[in-house]
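Single-structure report; data block below.
The values are calculated or read from the model by the stated rules, or taken from the named source; none is laboratory data. Nothing here was measured: the structure is a model prediction, and the numbers come from that model. No Cβ is skipped: glycine too gets one built from the backbone with ideal geometry, and neighbour counts run over all protein chains shown.
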Ligand code: OOG
Ligand code: NI
């Protein structure tokens, strides 16, 4: 992450990253160990492949609302993905220039849940009659930064959180965590050898005590073999629900991506390789398993 506050987009990304880094202690643990192992000399040298957000697909919320922030900052909407089992839709967004991370935004298909779940969700969202994004000045980086962590609906009850979890752990996560940054992603291919291979980097992480998501295997590989991804299991956070009830629930996590050089650029010299020469985009089958980084089956391994 580059913390030079040069552009408005830098300011927004920094405002997003700092609360996330504070709550996900694995972030700093990994950066420090990477410095100690001479992979990088400071955290700013880590190339952030992408960041991800989760949303609820109801009127005035969801992707069509949330994406306005990043479209305003010059991002371009790219491919869509559909996850029938998890009842999710998603898009990825290409940044205005290559030094910025890609963005992955998913949305719960609330209309596909049981009517009981829909009733619980609407208890929180039905008071939202206009798009909350339209109330902020998108040029005001402070207002945008604050918006990500601002409550948009009342604090959920623990009972509702638990009921939602039974049908959709994603729904429960969003009802509590809202637009909290879900993960940032270390570009493993940019690291010095041998750490630029996900196998080696994962061993390094496990040596630090980082627990990896093993749903579908620790390394998720795209059909073309060129995009490989791993992730930590989410950090557990102390959540305070309505009526001051508390419970430890899943917060956010860290992802690790290795993008290989596209076959048409394999003739290039190593030092000529830029981001545009590597595999772009995302892969639905990889993403489907990465979502589970916040699911109980994974977090209970911690
Ligand atoms: C996003 C999971 C998908 C990827 O890179 O494919 C993903 C989430 O957990 O919200 O991050
Ligand atoms: Ni991701």
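So here's what we get for this one:
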| item | result |
| --- | --- |
| Any hit, region 227-246, residues being farther than 23 Å from residue 23 by Cα and within 16 Å of ligand 1 (Cβ to nearest atom) | yes |
| Of all residues in region 249-288 being assigned to a loop (DSSP other than H, G, I, E, B), under 24 Å from the mean Cα position of the chain (by Cα) and more than 11 Å from ligand 1 (Cβ to nearest atom), the one that is surrounded by the fewest Cβ atoms within 10 Å (Cβ to Cβ) | 274 |
| Answer from 233, 237, 211 - the residue that is closer than 30 Å to residue 175 by Cβ, crowded, with 21+ Cβ neighbours inside 10 Å and in contact with a strand residue (DSSP E or B) (Cβ under 9 Å, 6 or more places away or on another chain) | 233 |
| Residue that is surrounded by the most Cβ atoms within 10 Å (Cβ to Cβ) [pool: residues in region 133-147 that are in a helix (DSSP H, G or I) and under 23 Å from the mean Cα position of the chain (by Cα)] | 144 |
| Condition broken by residue 35, with the remaining ones in (1) within 16 Å of ligand 2 (Cβ to nearest atom); (2) within 17 Å of residue 188 (Cβ to Cβ) satisfied | (1) |
| Number of the condition not met by residue 105 [criteria: (1) within 16 Å of ligand 2 (Cβ to nearest atom); (2) exposed (fewer than 15 other Cβ atoms within 10 Å of the Cβ); (3) closer than 30 Å to residue 242 by Cβ] | (2) |
| Test: residue in region 41-51 that is modelled with pLDDT of 95 or more, in a helix (DSSP H, G or I) and surrounded by 15 or more Cβ atoms within 10 Å (Cβ to Cβ) | yes |
| Pick from region 92-111, criterion farther than 20 Å from residue 12 by Cβ and touching a strand residue (DSSP E or B) at 6+ places or on another chain (Cβ under 8 Å), ranking: farthest from ligand 1 (Cβ to nearest atom) | 110 |
| Count of residues meeting criterion [touching a helix residue (DSSP H, G or I) at 6+ places or on another chain (Cβ under 9 Å) and either within 16 Å of ligand 2 (Cβ to nearest atom) or in a helix (DSSP H, G or I) (or both)] in region 52-66 | 6 |
| Those residues of region 177-217 which are closer than 28 Å to residue 238 by Cβ and assigned to a helix (DSSP H, G or I), in sequence order | 177, 205, 206, 207 |
| Number of the condition not met by residue 215 [criteria: (1) within 16 Å of ligand 1 (Cβ to nearest atom); (2) free of Cβ contacts under 8 Å to residues at least 60 places away in the same chain] | (2) |
| Residues that are out of contact with any strand residue (DSSP E or B) (no Cβ under 7 Å at 6 or more places or on another chain) and at negative phi, drawn from region 214-225 | 214, 215, 222, 223, 224 |
| Residue in region 68-82 that is within 12 Å of ligand 1 (Cβ to nearest atom), at pLDDT 95 or above, under 30 Å from residue 192 (Cα atoms) and part of a strand (DSSP E or B) present | no |
| Output for region 236-248, where each listed residue is in contact (Cβ under 8 Å) with a residue 40 or more places away in the chain and part of a helix (DSSP H, G or I) | 242, 243 |
| Which listed residue is away from ligand 2 (no atom under 15 Å from the Cβ) and surrounded by 17 or more Cβ atoms within 10 Å (Cβ to Cβ), from 195, 180, 170 | 195 |
| Single residue of region 289-302 satisfying the filter (assigned to a loop (DSSP other than H, G, I, E, B) and surrounded by fewer than 15 Cβ atoms within 10 Å (Cβ to Cβ)) that is farthest from ligand 2 (Cβ to nearest atom) | 300 |
